[in-house]
Ligand code: ATP
């Protein structure tokens with residue numbers, strides 16, 4: 001198949017500014033993604049191998065996908081997207097072929113980010129209940145592991161995996177160099193001093209913690225998200241985004257985005273020639289919405 005030519009190189013347009021809140025996380029991702037690409041010579045000089053995988057976990061609708069896209073945008077990296085559920089549902093062998101093919105295209109289009117959504121579906125702990133499903137999952141997982149191990153020599157490719165169920169992930173994926181969880185501190189002692197002297201102390205956080213939790217937004221983050229999603233709207237002076245942020249505990253970013261959009265629609269429904277979205281439109285929508293998340297689901 002002609003995969004070498006005509007690779008569509010898609011660099012997402014989403015930027016860090018399109019994501020409200022999560023400042024510390026954005027910074028970590030920025031380092032994890034941009035450094036190995038922008039400072040690859042420094043990594044090579046000091047013999048540090050860049051991370052190959054970052055696992056983002058957290059409840060749905062809290063911007064895991066958007067973060068991956070923004071990271072690719074910031075690093076001007078090609079963006080490839082795979083879904084664990086989609087791979088899993090394919091005919092025998094097709095999922096593995098698509099996985100291998102995607103890694104091959106990513107190598108050709110490097111620097112690249114491979115976003116692997118619903119990773120738990122493929123990378124589920126081995127030994128599941130149904131015999132058949134174990135086989136499909138295991139084959140996909142072993143292909144994924146092989147491809148990720150092969151990234152050692154590849155330059156500028158990072159796998160960003162996402163899941164809502166981190167505990168379902170096979171520990172084999174968490175070995176250092178895959179999605180590093182600090183299980184083997186000695187691995188990092190080697191690079192500690194070098195890294196600190198190179199980039200300062202904050203490097204530790206990014207080099208040793210590539211399993212990152214993407215939490216639902218707190219008050220301040222909700223305010224920022226509301227600001228992002230009303231940026232291009234005409235809203236009245238009576239709209240108090242801070243108060244809306246206070247009143248929307250447990251709302252995800254996706255739900256807040258929906259709230260803004262719906263408020264606009266309510267305004268239009270009221271008067272198709274409306275020129276402003278007012279507080280009462282936001283209130284109408286807010287009172288009809290209930291967050292899907294519950295307190296117990298927050299880690
Ligand atoms: P899932 O687990 O369901 O795939 P996700 O965590 O990947 O969800 P996204 O797909 O990135 O979430 O977000 C869904 C929508 O919500 C996006 O359209 C995004 O614009 C909006 N959104 C979520 N979080 C934020 C945020 N912090 N700032 C701005 N928009 C956000």
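The values are calculated or read from the model by the stated rules, or taken from the named source; none is laboratory data. In this text, all values refer to a predicted model and were calculated from it rather than measured experimentally. Note that we place each Cβ from the backbone using ideal geometry, even for glycine, and neighbour counts take in every protein chain shown.
For the stretch 28-45, indicate whether the set of residues that are within 12 Å of the ligand (Cβ to nearest atom), farther than 16 Å from residue 253 by Cβ and loosely packed, with under 14 Cβ neighbours inside 10 Å is non-empty. Write out each step before concluding.
Just the residues of the stretch 28-45 that are within 12 Å of the ligand (Cβ to nearest atom), to begin with: none.
No, the stretch 28-45 contains no residue that is within 12 Å of the ligand (Cβ to nearest atom), farther than 16 Å from residue 253 by Cβ and loosely packed, with under 14 Cβ neighbours inside 10 Å.
Identify all residues within the stretch 32-56 that are over 30 Å from residue 293 (Cβ atoms) and in contact with a helix residue (DSSP H, G or I) (Cβ under 7 Å, 6 or more places away or on another chain); write none if there are none.
Keep residues of the stretch 32-56 that are over 30 Å from residue 293 (Cβ atoms), which gives 34-50, 52.
Matches in the stretch 32-56: 34, 36, 42, 43, 46, 48, 49, 50, 52.
Residue 51 fails exactly one of the following numbered conditions: (1) in a loop (DSSP other than H, G, I, E, B); (2) within 11 Å of the ligand (Cβ to nearest atom); (3) crowded, with 19+ Cβ neighbours inside 10 Å. What is the number of that condition?
So residue 51 meets the others, but not (2).
Hey, residue 59 hits all of (1) at pLDDT 90 or above; (2) farther than 30 Å from residue 294 by Cβ but one; which does it fall short on?
Against the list (1) at pLDDT 90 or above; (2) farther than 30 Å from residue 294 by Cβ, residue 59 comes up short only on (2).
What number goes with the only condition from (1) more than 17 Å from the chain's Cα centre (by Cα); (2) at pLDDT 80 or above; (3) more than 16 Å from the ligand (Cβ to nearest atom) that residue 128 does not pass?
(2)
Which residue is farthest from the ligand (Cβ to nearest atom), if the candidates are limited to the stretch 54-68 and must be closer than 11 Å to residue 113 by Cβ and in contact with a strand residue (DSSP E or B) (Cβ under 6 Å, 6 or more places away or on another chain)? Walk me through it before giving the result.
Residues of the stretch 54-68 closer than 11 Å to residue 113 by Cβ: 54, 67-68.
Adding the requirement that they be in contact with a strand residue (DSSP E or B) (Cβ under 6 Å, 6 or more places away or on another chain) leaves 54, 68.
On the way: 54: 14, 68: 8 Å.
Result: 54.
Away from the ligand (no atom under 16 Å from the Cβ), touching a strand residue (DSSP E or B) at 6+ places or on another chain (Cβ under 9 Å) and at pLDDT 85 or above, is that true of residue 83? It would help to see each step written out before you state the result.
Values: away from the ligand (no atom under 16 Å from the Cβ): no; touching a strand residue (DSSP E or B) at 6+ places or on another chain (Cβ under 9 Å): yes; at pLDDT 85 or above: yes.
So residue 83 does not fit the description; no.
Within the stretch 156-163, can one find any residue that is outside any helix (DSSP H, G or I), within 13 Å of the ligand (Cβ to nearest atom) and at pLDDT below 85? It would help to see each step written out before you state the result.
First, the residues of the stretch 156-163 that are outside any helix (DSSP H, G or I): 156-163.
Among the residues that remain, those that are also within 13 Å of the ligand (Cβ to nearest atom) are: 160-163.
Keeping just the survivors that are at pLDDT below 85 gives none.
Taking every residue of the stretch 156-163 in turn, none turns out to be outside any helix (DSSP H, G or I), within 13 Å of the ligand (Cβ to nearest atom) and at pLDDT below 85.
For residues that are surrounded by 12 or more Cβ atoms within 10 Å (Cβ to Cβ) and under 26 Å from the mean Cα position of the chain (by Cα), scanning just the stretch 229-240, find the one that is nearest to residue 16 (Cα to Cα).
Out of the qualifying residues, it is 229.
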